[in-house]
Structures are given as structure tokens and as C-alpha cells.
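What follows is a single structure, written as C-alpha cells, with notes after it.
The values are calculated or read from the model by the stated rules, or taken from the named source; none is laboratory data. Everything numeric in this text was worked out from a predicted model, so none of it was measured. As a convention, Cβ positions derive from the backbone with ideal geometry for all residues, glycine included, and neighbour counts pool all protein chains shown. Note: accessible area is taken over every heavy atom of the protein model, side chains too, but ligands, DNA and RNA are not part of it. Shrake-Rupley method; radii C 1.70, N 1.55, O 1.52, S 1.80 Å.
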Amino acid sequence: MKLIIVIYRDVFLWSEKYKKDRTDSWEDKAAFVRLAEQDLKALGISGDGKIKLSNSVGSIVVRALADSKGRSGYGFMPVSPLVNRLTSYGEGRLPNFKRIEVTAEATKENC
Amino acid sequence: MSKRDKLQPLQVFQLLPGTNCKKCGQLTCFAFAFALIGRENKPEDCPDLLTEQYKSSLDLLNEYFGGEVSVEKTGLLIDQEKCCGCGDCVAVCNKCQGTVLFGSGVIIPRNVPPVLKVIDGRVQVVCWESCKRCMNPPEYCRVCEERCPFGALELVR
Amino acid sequence: MNAGKMVCTACSCLCDDIEIEMENGTITGIGNACRKGSAFLFGSQNEKQRAGYLAKGREVEVESALDAAARLLSGARRPLLFGLDNSTLEAQTLGIELARKLGGVLDDSSSFCHGRLVEDILAGMLPTCTHEQIHDADLIIYWGANPHNAQPRHLSRFSLYAHRKYHEAGVKRHVSLAVVDVRESETAGVAHHFFRVLPGEDRDFIAAVIEGIKGKPVGKDAAEFLGLLEKSRCCVIFAGLGLTYSLDNDFSLFYELIGHMGKWLKPAVIPMGGHYNARGFNHSLYNATGYVNKVSFAGGRVAHGDEFSLLEQVRSRAADCLLVVGADLFSALPASLAALLDGVPVITVDPFYTATAGASTGVLGAALSGLEAGGTAVRMDGTVVSLAPVKTPRHLSDEQILKRLLEKLG
Ligand code: SF4
Ligand code: SF4
Ligand code: SF4
Ligand code: SF4
């Protein structure tokens, strides 16, 4: 399924970065994408299923969460180094942080 | 992190056995529903809920009313995990501290110390006596709960 | 012990009412700061998180770390200085001097954030105002901005809830909050009006509103938005990254809208910068060179152009040495782009041991502005705020580090 991913900011994850007992697990905590419920259904994902997002620059596996306010065809991911494995930059434009085209599929792989 | 969809008393009641057996210490299941919302009882206080038949009800109730939360006398439940410390509740509470003279739109300030304060990045009650719910007669204000963008506040009484 | 008030530098709100409680030089309590600010201040006491002094990946004394950094910089033919958004105005001035002395390229994150808007504000092409002037506004719009996650206290300190005419007690509403965004964010949830646009389609929305102004029939959302504008006499737009990215840094249509609005109301635009002194960097460089970012000092002349943006410099592998001050470049860049920096020596000046510090040849740990080091900074609305430290630093401030580097370069 083709999706457009948009990066957004999350204050809770941001704060997590500075936690005392931080290992690098905050990156795992940021490993999720919020999708519209009908898209999750179309992908055959329920509960805390994993989803593989890939495009020409890279691919990642993240948790798929339902977003009751989401819109079909769009996914939202919090800022983290992880999502930057999918972003790219072409001359004369801004990086595609707010509009990343990916192909999504359900997966059993680990994050 | 969307707003908490709150369970209404009737919805809570529908999850209960409905036998009014009083084993929970309340007179009726409906009273127990209110006690759950007010955090005076825990779901496991109803013995029938612990049976296999009510497992899904119990899971759902635990999701809402399980876990350690202190409501104290304030009736204001703060979910520290959801609070981002934006201080919106502090600001609106200070703004609503006043009595509007009906018709004229004139507001008489109450000049009381703030109810809420953000400490270490989460909101806390610092002077509950200032809440309009403590006035005589009380005013059933819900402004802080309504304006919290993260659904971190809940007035349970 | 109460150490008094300080300014939080975790975001561009620069809240100046932060109460700090200290015991034996350690922060034990923080009043008023949001979750982000508190995490940042408490995190500064987490030794594992702080950056020390490293040269070639090994821990060294301050002096040798500075020497090694100076050697790398003076040996570079095309050095690139990036960052300074999390540094004081004083440090920024020194940073500009350093870039000039090295004949290097200087850029900050504003070249892919709010640079264009700030430049046009400084050039007087775009109407703006300060947070103090918000009381005149009857309409506040967050466009492509998500303050509750990026600048958590913005609403309560500077906009809607700080507005003199905002009141909860059932009186007529004097000030409205509208949000234009791709996501129904937390801010959108508390707004009086929410306009949802699809990613990348803000341009269509603006075009539709302009059509409406010209009297043509338009869709429901655009008509409702126009209705708000028509009722307003003074409107403040907080422009977030969402707007910049959706318009791909071409604001002409947005400016056209502002121009039309100016015929019947007083519009003002405030770019919602992220880093605490990002706007200050634009001001400093503008005063020194006439440009807000993307500047080259090669050959002793000032040149400006897109080829001097960080992204272009990295993409074309132009730089042979990178000095990063207070920015986590490696986390912020697309991984495919960051990979091009392989083999380029990087020196990082930062209070925290970031991913960028981890990938650096040299690391110079800095004191935390506001908490451990003083100076001045420019808030997102252009107001100058002075920072007075409340804690004795164990690190040099970035101002001192840049000064020492300048001295060593002779
Ligand atoms: S114990 Fe359970 S079933 Fe019995 S009255 Fe209480 S809530 Fe109802
Ligand atoms: S309870 Fe809600 S409104 Fe109050 S500070 Fe926390 S997040 Fe903000
Ligand atoms: S209920 Fe009203 S008066 Fe009481 S704390 Fe909340 S906003 Fe303040
Ligand atoms: S809003 Fe920004 S400046 Fe204010 S306390 Fe939070 S992080 Fe610090």
C-alpha cells in the first residue's frame, strides 16, 4: 500500500531523550507510525502489529498504531533519527520531512 | 496522545453484573459504577467481575480505573504521564477565578492563590481551597478539565 | 535553597519565570517549566548525557581538545561552520568572526526552517509584532505549528490564554484561536476553529482563500476561514514548520494573502522557531552581512547563495571540515545525506553528548545557556531576553570556547 508519511513533534518523546536512566531505547519508543483505522484494516494489522515502510532510500520496521483521527493514505511519525532513514533531499528543495512517500506492508520482522 | 474518551456512568454500569448483590459494599451496581468513577472502589472489589464470564468487562474497567491514582479530597485526577506541563490549565483556572455579574459582563476577581502549578514539568494541586468547587455554595466549574489538550485532567466528582 | 528565577533555553519561548530549587549545587525542584524544559534542565545533571572534551575520539584536557580543534580548522581549505542556534548572541558574534577568519561557509538550521520568513521580517517586507502586542489581536492562527509539542507553554504564556481579553467566564469571546494543520494535533483539539489541509496542499488552501477574497465562490473550509478573517481587525499568524515545508520555502502566495488581508485588518506573522536563539542567529548574521544564513567568507569577501546552505554543502561534498555548534546534525539530516559526511572531520560544541558528538573527531563540551552560562538571546518574536546563570559551570561556555578558538587561530 502506498502511504505518505508526515513527521511531527512529540513532547513526551523529546523529554524521554534526557531521562536519567536513558539507554538508547527512546529511539525504540519513537518507532511507531499512526495510521487511519481503515488503512490498518486494509494492511491486515491489528493490536500492536508491525509494519515495514520502505522507499528508494531505505526501509524501517515500526509499530503500527491506530489514529482515530487519521486520514486514509497518510501516516504520522514522531521526529527521531529512525525516520530519517526514509527521508531524502534533492537540490533546491527542502528535505521531504513533511511528505515522505513510502510503500507499506505488514511484517513479522522486529523493529 | 488523544483526549481520553471518558466512560459515562451508564456505560460503566452496563459492564457490571447488574445483580445488585451488595458484595462490593455498595447498595447497587449503579452506586458501584459511581464509586469506580470517583475512584472510591477498584474493579476487583466486585467479586463477580473476577470470574471468567466477566473477563472482558474487567479488562476494560481496569484499563480505565485500574492503576494507582490518588484523587484525595480534591476530586481532581491528574494523569502525570499525559501531562506535558503546558500550564494551560493553570492559566485558564486563574482566568476563570472571578464571578461574572449577570447581564453586565463585569467580572469581580476573587484574589485567591492559584489552585494549580506546574512542578518538575507536571501539574500539581497546590491550593485546592481556591478552587471554585470549594466555594460556598460551590460552583461546578470544569474549565481546567475542558481545556487540557492532552486529557490529563479529570474531575471525578 | 531557592536559587531564584532563570530563563529556560529548551525552546524559543525562553520562559523567564522558571523557579529553581537547589541543594548543594544540584537542582532538586523546578517550578513552572514544562515537561520539555524540566527534562532538559534535569538532564543537564545527568553526567552520562553531558559532553566532555574529546580529541580523535579520546578523552583529553580542555586545552588539548581546543588545540586539536584549532589545528583541524586551520588546516581545512573549505571549512563549514553550522549551528549557533542554541548559542547566545555573544557567542554568535564570535562564531561569525571565526567563520570570517577561516574564510569558511556559515549556515544554521534556519536555511531549512524559518530563515526566509525572518529575512523578510528583517527587511520590512512582512508585518510582524511581538508577543506583547498580541493583546490587540482578535484572531490568533497557528499555521502548520504544533505548539503543545514544540513550544508547550506558548498558549499559556504568550498567546490565547495570556491575552488580556481572553476570559473563561461565559462572556462574549473577544479572541479566537484557529489552527491550520495536516494533523488534528493537541492544539487543534482546543482551538475554536480547525482547518485540516492535506500534506503539501496548503498552497491550494491559500489560493482558495484568495479566490474568495476576490469574490469567487469557494469551498466550505476556505469560506469559513475567510469568514474569520473578514470579522477580524487584527490577526496574528504563528507560522510553523508545516507551512514552510508545505510551501517548499516559496512564500509568494502566502504573502499575497497577507497583502490582501492588510486591506481591511492588521496582520502580523511570527515564525515559530524551534531552537532558543535561532532567530538571534538570523539577526546577528543580518547585522554583520546583510543575509540571515547561507553565507560564505571565502577569499575575504561575503557571498550568499543556496550553494552555501548546509544541505547543499553536504550534498556536493564541498566542506572538508565541519564545526557544529549546538546542533544535532546527524539526527536531524536524512540518513542518506549524513552518510556523505563520512570521512569529513567534524568538531562538535554541545552541552550534550548527541549522536553528532558521537560521530565527531573532536568534542568540546559546553555549559548550558541560561542555567550555567549567561548572555542574551532573541525570542521567537524578536524580543531580546537576557540570561543570568544560576549554577556554576564545569564546562566552558560556547562563547568562551569560540573565543579561545579565535585566539588559537591567531
Ligand atoms: S458486587 Fe458487583 S454485582 Fe454485586 S452489587 Fe457490587 S457491583 Fe453489583
Ligand atoms: S494537565 Fe493538561 S493543561 Fe494542565 S499542564 Fe498538564 S497537559 Fe497542560
Ligand atoms: S475546577 Fe475550575 S476553579 Fe477548580 S481548579 Fe479547575 S479551573 Fe480552577
Ligand atoms: S515552553 Fe520552552 S522555554 Fe518555556 S519552559 Fe517549556 S521548553 Fe522551556
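The mean sequence separation of alpha-carbon pairs under 8 Å and at least six residues apart, normalised by the residue count of chain B, gives a relative contact order of 23 percent. Counting protein heavy atoms only, the protein assembly as shown has 50 percent of its accessible area on carbon and sulfur, 1.4 angstrom probe. Does anything in region C:230-260 have its amide N under 13 Å from the 7 Å Cα→Cβ label point of C:Arg203, and if so which residues? Once the point is set 7 Å along Cα→Cβ of C:Arg203, C:244-254 turn out to lie under 13 Å by backbone N, inside region C:230-260.
Would you please name the trypsin sites (Lys or Arg not before Pro) within region C:276-323 that are DSSP coil residues with at most 16 other C-beta atoms within 10 Å of their C-beta?
When the trypsin sites (Lys or Arg not before Pro) of region C:276-323 are filtered for loop state and at most 16 Cβ neighbours within 10 Å, C:Arg301, C:Arg317 remain.
Along region A:28-45 the Karplus relation, 6.51 cos²θ - 1.76 cosθ + 1.60 evaluated at θ = phi - 60°, assigns HN-Hα couplings of 5, 5, 7, 7, 8, 10, 9, 10, 5, 4, 5, 5, 4, 5, 4, 7, x, 10 Hz to successive residues, with x for each Gly and Pro. Restriction of the GluC sites (Glu not before Pro) in region C:1-91 to DSSP coil positions whose beta-carbon has at most 13 other beta-carbons within 10 angstrom yields C:Glu47, C:Glu61.
The figure for B:Lys23 is an accessible area of roughly 120 square angstrom, using a 1.4 Å probe on the protein chains alone.
Relative to one another, the C-alpha centroids of region C:186-222 and region C:382-409 are positioned 44 Å apart. Between chain A and chain C, the total buried accessible area stands at approximately 3400 Å², from heavy atoms with a 1.4 Å probe.
Please report the net charge: other residues with Cβ closer than 15 Å to the Cβ of C:Ala335, K and R +1, D and E -1.
Around C:Ala335, the charge tally is -1.
All Cα-Cα distances of chain C, cut into 10 Å bins from zero to the largest, leave 5, 22, 30, 24, 14, 5, 1 percent in each bin in turn. Among the lysines of region C:115-271, pairs at least eight places apart or on separate chains and with Cα atoms under 17 Å apart come to 7. In this simple spin-label approximation, B:Glu129 and B:Thr51 carry label points 7 Å from Cα along the Cα→Cβ vector, and these lie 5.0 nm apart. Within the shell defined by Cβ-Cβ distances under 12 Å, the residues around C:Arg157 carry a net charge of -3, with Lys and Arg each +1 and Asp and Glu each -1.
Kirkwood Rh and Cα-based Rg: tell me the resulting Rg over Rh for the protein assembly as shown, rounded to two decimals.
A ratio of 0.98.
Of all complete DSSP H helices in chain C, those with a Cα span along the helix axis of 18 Å or greater and a mean Kyte-Doolittle hydropathy of 0.5 or more are C:62-75.
Rg(Cα) of region B:9-65 divided by 2.2 N^0.38 Å?
On the way: Rg = 9.7 Å, N = 57, 2.2 N^0.38 = 10.2 Å.
Scaled against compact globular proteins, the figure is 0.95.
Legend: residue pairs B:Lys22/B:Lys42; C:Lys48/C:Lys101; A:Lys2/A:Lys108, Cα-Cα distance threshold 23 Å; pairs beyond threshold, C:Lys48/C:Lys101. Along each principal axis, taking the top coordinate minus the bottom one, the Cα set of region C:115-271 gives 38, 34, 30 Å in descending order. Our helix-only sum for chain A, with -39,500 (n - 2.57) per DSSP H run of n ≥ 4 divided by its residues, gives a mean residue ellipticity at 222 nm of -3500 deg cm²/dmol. Computed over chain A, the alpha-carbon pair-distance distribution with 5 angstrom bins reads 2, 12, 23, 24, 19, 12, 6, 2, 0, each value a whole percent.
Based on C-alpha pairs under 8 angstrom that are at least 6 apart in sequence, chain C has a relative contact order of 26 percent. Computed from label points 7 Å out along Cα-Cβ, the spacing between C:Ala339 and B:Thr28 is 6.8 nm.
Between A:Ser68 and A:Asp28, the FRET efficiency estimated from the beta carbon spacing at R0 = 41 angstrom works out to 0.95. D for chain B, whole µm²/s, Stokes-Einstein with Kirkwood Rh over alpha-carbon pairs at 10 °C and 1.306 mPa s: what number? Translational diffusion coefficient: 92 µm²/s. Entry note, chain C: the mean residue ellipticity at 222 nm calculated from DSSP H runs of n ≥ 4, each adding -39500 (n - 2.57), is -9000 deg cm²/dmol after division by the residues and rounding to the nearest 500.
Nearest 0.05, what FRET efficiency do C:Glu47 and C:Asp306 give at R0 = 60 Å with Cβ-Cβ as r?
Efficiency for this residue pair is about 0.90.
Calculate for chain B the 222 nm mean residue ellipticity that helices alone would give, adding -39,500 (n - 2.57) per DSSP H run of length 4 or more and normalising by residue count, nearest 500 deg cm²/dmol. Per the formula, -7000 deg cm²/dmol.
Given R0 = 35 Å, the distance between the Cβ atoms of C:His192 and B:Gln14 translates into a calculated FRET efficiency of 0.55.
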